[in-house]
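Here is the structure we will look at.
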Amino acid sequence: MALDGRIGSIHPGHGRPYENPLEALAALEEAIEHRHERIEQVRRARTAGVLTLERLLRAVYGPDLSEDLEKAARWNLRATLEHLAQGH
């Protein structure tokens, strides 16, 4: 823990905390890349005619998505659809 005003660690919403700045930076870059990939998956599915949220959920996350993750996946899909609707 940094007591001199600097950031001493990063604690993401899930997963382990990062004590090393280079590890944290790598994790952030990986998360951003994953988000871009997910946006492209949604864009491709919509272009292919997948229009309902339920079908989109299965097309993007696969048929084996656990019930525990469905709520978060739906939230992410809605946010992605809103992002795409804004012209991104």
Completion exercise
Over the chain, with neighbouring protein chains present, the accessible area per residue in Å² at probe 1.4 Å is 78
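By the gyration tensor of its Cα atoms, with a ≥ b ≥ c the square roots of the eigenvalues, what is the shape of segment 27-88: rounded for a/c under 1.5, prolate for a/b over b/c, or oblate?
Details: a/c = 1.65, a/b = 1.07, b/c = 1.54.
Taking the square roots of the gyration eigenvalues as a ≥ b ≥ c, segment 27-88 is oblate.
When the accessible area of segment 9-88 is split by element with a 1.4 Å probe, what percent falls to carbon and sulfur?
Numbers: 3360 of 6000 Å².
In segment 9-88, the share of accessible area belonging to carbon and sulfur is 56 percent.
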Exercise for the section: Give a residue-ordered list of calculated ³J(HN,Hα) values for segment 76-86 (Karplus: 6.51 cos²θ - 1.76 cosθ + 1.60, θ = phi - 60°; whole Hz; x for Gly, Pro). Expected result: 5, 5, 4, 5, 5, 5, 5, 4, 5, 5, 7
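The values are calculated or read from the model by the stated rules, or taken from the named source; none is laboratory data. Given the structure is predicted, the values throughout are model-derived calculations rather than measurements. Just the protein is used for accessible areas: all its heavy atoms, side chains included, with ligands, DNA and RNA removed. Shrake-Rupley method; radii C 1.70, N 1.55, O 1.52, S 1.80 Å.
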